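Step one of this worksheet: look at the structure below.
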Amino acid sequence: MDRKPVTIPAIIGKKNSRSKITALTAYDFSFAKILDATEIDIILVGDSLAMVALGFPNTLPVTMDEMIAHTRAVKRGVQNSLLVGDMPFMSYQVSGEQAIANAGRFLQEGGAAAVKLEGGLRVAQKVRSIVQAGIPVMGHIGLTPQSVHQFGGYKVQGKNLLQARQIKQDARELEKAGAFAIVLEGIPSDLAGEITECLKIPTIGIGAGPHCDGQILVLHDLLGLTQDFTPKFVKRYANLDAEIKKAVGNYIDEVRSGVFPDMEHSYHTEKKPLKKVEGSRGNH
Ligand code: KIV
């Protein structure tokens, strides 16, 4: 399939033309290459890497170096989708300088086109600094997983008036600070709709209902690779966990019974005698 590289103006343009933005996470080269061969607009190297690929119980332990290594791997598989790197916990909270330096690493070392970071009003100044350094920023508000301990768990945010007002203000502050898009996670769909209406930049929802300008999911959830985690907002489009177990089960059976490897999957010596060549070290 022939498609043009997705740019940030193109993502913003999709809001104006009312065509939905599609986004998924990836953490390695193989999956990135598969995704890039589809029409997916945005590939996010999410800090969900911590849970999905590294086996941590939440996103907090993943480090800048780990995020950069995975972003580099994903980049090798991506030619056309817009690549966004997720700034991990404590990589942008300390100071504006720290935030710019770490955001810069995603572009310079990771090959990303933009970064994402969590928080609204409280990180608006950091967002402004990063954008002023020439680095595009995607915001992320609502149920921000790096604040899991503050929230007391992964709880839907913005259900009461006070919280809803705060999240709306967060969205407006991020837009003012120069963010090019905002992820809305784990909020009621009518609130997501109101925010989407009042912003000029696109909203990308996850657990935020159908009124956002786009949607993002964790790839492993969509593929049915994460068995012990099925929140209400996840739709499984495949059951690869079962497919993989079936394939591996078949392999085990065939190795044990001697069916694999058969002649078709083995190398053979040549039937005709080798012509002796002076100085030759023979065939492999
Ligand atoms: O880390 C992540 O995967 C994310 C999203 C899915 C929005 O932040």
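The values are calculated or read from the model by the stated rules, or taken from the named source; none is laboratory data. In this text, all values refer to a predicted model and were calculated from it rather than measured experimentally. In this analysis, Cβ positions are derived from the backbone assuming ideal geometry, glycine residues included, and neighbour counts consider all displayed protein chains.
A few points about this structure:
- Residue check, Leu54 buried (at least 17 other Cβ atoms within 10 Å of the Cβ) and either of a type outside the set (Ser, Thr, Tyr) or at positive phi (or both): no
- Of the residues in segment 223-231, at least one is within 25 Å of Asp47 (Cα to Cα), in contact with a Lys or Arg (Cβ under 9 Å, 6 or more places away or on another chain) and surrounded by 14 or more Cβ atoms within 10 Å (Cβ to Cβ).
- Candidates Leu219, Leu184, Leu199 - the one that is touching an Asp or Glu at 6+ places or on another chain (Cβ under 9 Å) and either assigned by TED's automatic domain parsing to the domain that holds Val45 or under 24 Å from Gln93 (Cβ atoms) (or both): Leu199
- Among the conditions (1) in contact (Cβ under 8 Å) with a residue 12 or more places away in the chain; (2) within 18 Å of Pro202 (Cβ to Cβ), Asn16 misses just one, which is (1).
- As a summary of the residue check, Gln98 satisfies the conditions (1) touching a residue at least 12 places away in the same chain (Cβ under 8 Å); (2) closer than 17 Å to Met64 by Cβ; (3) surrounded by fewer than 24 Cβ atoms within 10 Å (Cβ to Cβ); (4) out of contact with any Lys or Arg (no Cβ under 6 Å at 6 or more places or on another chain) except for the one numbered (1).
- Qualifying residue in segment 148-155 (condition: within 16 Å of the ligand (Cβ to nearest atom) and crowded, with 22+ Cβ neighbours inside 10 Å): no
- Flag if Pro188 is away from the ligand (no atom under 12 Å from the Cβ), farther than 19 Å from Val45 by Cα and modelled with pLDDT of 95 or more: yes
- Selected residue (criterion: nearest to the ligand (Cβ to nearest atom)) from residues of segment 59-80 that are in a loop (DSSP other than H, G, I, E, B), of a type outside the set (A, V, I, L, M, F, W, C) and buried (at least 17 other Cβ atoms within 10 Å of the Cβ): Thr59
- Breaking point among (1) modelled with pLDDT of 95 or more; (2) over 23 Å from Glu118 (Cβ atoms), for Asp2: (1)
- Looking across segment 81-95 at every residue that is in a loop (DSSP other than H, G, I, E, B), of a type outside the set (Ser, Thr, Tyr) and in contact with a Lys or Arg (Cβ under 9 Å, 6 or more places away or on another chain), the one that is nearest to Gly139 (Cα to Cα) is identified as Met87.
- Complete set of residues in segment 20-55 that are more than 10 Å from the ligand (Cβ to nearest atom), under 23 Å from Asp228 (Cα atoms) and not small (Gly, Ala, Ser): Asp28, Phe31, Leu54
- Top-ranked residue in segment 168-185 [being surrounded by 21 or more Cβ atoms within 10 Å (Cβ to Cβ) and not acidic (Asp, Glu); ranked as farthest from the ligand (Cβ to nearest atom)]: Ala177
- Residue pairs whose Cβ atoms lie under 8 Å apart, separated by 6 or more positions or on different chains, with the first residue in segment 103-119 and in the same structural domain as Glu185 (by TED's automatic domain parsing) and in a helix (DSSP H, G or I) and the second among the polar types (S, T, N, Q) and surrounded by 23 or more Cβ atoms within 10 Å (Cβ to Cβ), are Phe106/Thr71.
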